[in-house]
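The values are calculated or read from the model by the stated rules, or taken from the named source; none is laboratory data. In this text, all values refer to a predicted model and were calculated from it rather than measured experimentally. Neighbour counts are summed over all protein chains in view; Cβ atoms, including those assigned to glycine, are modelled from backbone coordinates with ideal geometry.
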Amino acid sequence: EDGIWDLVGNNTPIFFIRDPTLFPSFIHTQKRNPETHLKDADMFWDFLTLRPESMHQVLYLFGDRGIPDGYRFMNGYGSHTFKLVNAQGVAHWVKFHYKTNQGIKNLSVDRAAELASSDPDYAIRDLYNAIAKGDCPSWTFYIQVMTMAQAENCKFNPFDLTKVWPHSDYPLIPVGRFVLDRNPKNYFAEVEQIAFNPANL
């Protein structure tokens, strides 16, 4: 009823791993080689070859939706499965989806590489400028709902981050809309000091 409710998301509906104990190891694949301190793509690919469940995320990431053209033109997902309890005290499992109302736009690999070197703040600037001129971006918020009984009889693990719930079985239900209608006055105070806890529901 009271307090802060953190809603953490990602721009892909799935993730590389299903076992949370592997998360630190996965993060290390994004870092520099501990011996040479050089970037080492082999660390990333070696990890993935040992984790076949990562293939879904790899195909998504390296497919047409891999590089969004800024924050306004990408969807968001809660990724995890959350438990919500209705007013009657009945619990359901849910997935969160935030569908962009601006449409999906992506960058080519060449354009992304060019922006990474010439304008690394491209996405931040695009979002800030759009809001400043009143072109406020929005996302329609949807949930997928699974009953406890459905979860017990599900043919897949509904808590597996490497899987999506089929929309044919668990259709998207519109809940509302997120609108970014103002820029922060003090980025450090309003953004940098935010603390997110995905377990805080």
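Conditions first: (1) at pLDDT 95 or above; (2) assigned to a strand (DSSP E or B). Residue 167 passes all but one, so which condition is the exception?
Of everything listed in (1) at pLDDT 95 or above; (2) assigned to a strand (DSSP E or B), residue 167 misses just condition (2).
Over 23 Å from residue 18 (Cα atoms), aliphatic (A, V, I, L, M) and not in a helix (DSSP H, G or I): which single residue out of 131, 194 fits that description?
194 is the lone residue from the list that is over 23 Å from residue 18 (Cα atoms), aliphatic (A, V, I, L, M) and not in a helix (DSSP H, G or I).
Residue by residue, here is whether (1) exposed (fewer than 11 other Cβ atoms within 10 Å of the Cβ); (2) touching a residue at least 12 places away in the same chain (Cβ under 8 Å); (3) under 26 Å from residue 61 (Cα atoms); (4) of a type outside the set (A, V, I, L, M, F, W, C) holds:
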site: 151; (1), (2), (3), (4): no, yes, no, no
site: 154; (1), (2), (3), (4): no, no, no, no
site: 158; (1), (2), (3), (4): no, yes, yes, yes
site: 162; (1), (2), (3), (4): no, yes, yes, yes
site: 185; (1), (2), (3), (4): yes, no, no, yes
site: 188; (1), (2), (3), (4): yes, no, no, no
site: 191; (1), (2), (3), (4): yes, no, no, no
site: 194; (1), (2), (3), (4): yes, no, no, no
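Sort through 81, 100 and tell me the only one that's of a type in the set (Val, Ile, Thr), under 16 Å from residue 138 (Cβ atoms) and buried (at least 18 other Cβ atoms within 10 Å of the Cβ).
Exactly one residue qualifies, and that residue is 100.
Taking only segment 52-101 into account, find how many residues are closer than 28 Å to residue 150 by Cα and of a type in the set (Lys, Arg).
3
Go through segment 36-60 and give me each residue that's assigned to a helix (DSSP H, G or I), of a type outside the set (A, V, I, L, M), over 15 Å from the mean Cα position of the chain (by Cα) and closer than 18 Å to residue 160 by Cα.
Selection gives 52, 53, 54.
Can you name every residue in segment 45-89 that is without any contact (Cβ under 8 Å) to a residue 60 or more places away in the chain, out of contact with any Lys or Arg (no Cβ under 9 Å at 6 or more places or on another chain) and closer than 30 Å to residue 127 by Cα?
The answer is 58, 59, 60, 61, 62, 63, 64, 65, 66.
Can you pull out every residue in segment 134-149 that is in a helix (DSSP H, G or I) and either free of Cβ contacts under 8 Å to residues at least 24 places away in the same chain or within 16 Å of residue 181 (Cβ to Cβ) (or both)?
Correct list: 149 only.
Residue 178: under 21 Å from residue 74 (Cβ atoms), modelled with pLDDT under 95 and not in a loop (DSSP other than H, G, I, E, B), yes or no?
yes
Say whether the condition of being in a strand (DSSP E or B), closer than 27 Å to residue 112 by Cα and under 16 Å from the mean Cα position of the chain (by Cα) is met by at least one residue in segment 61-74.
Yes.
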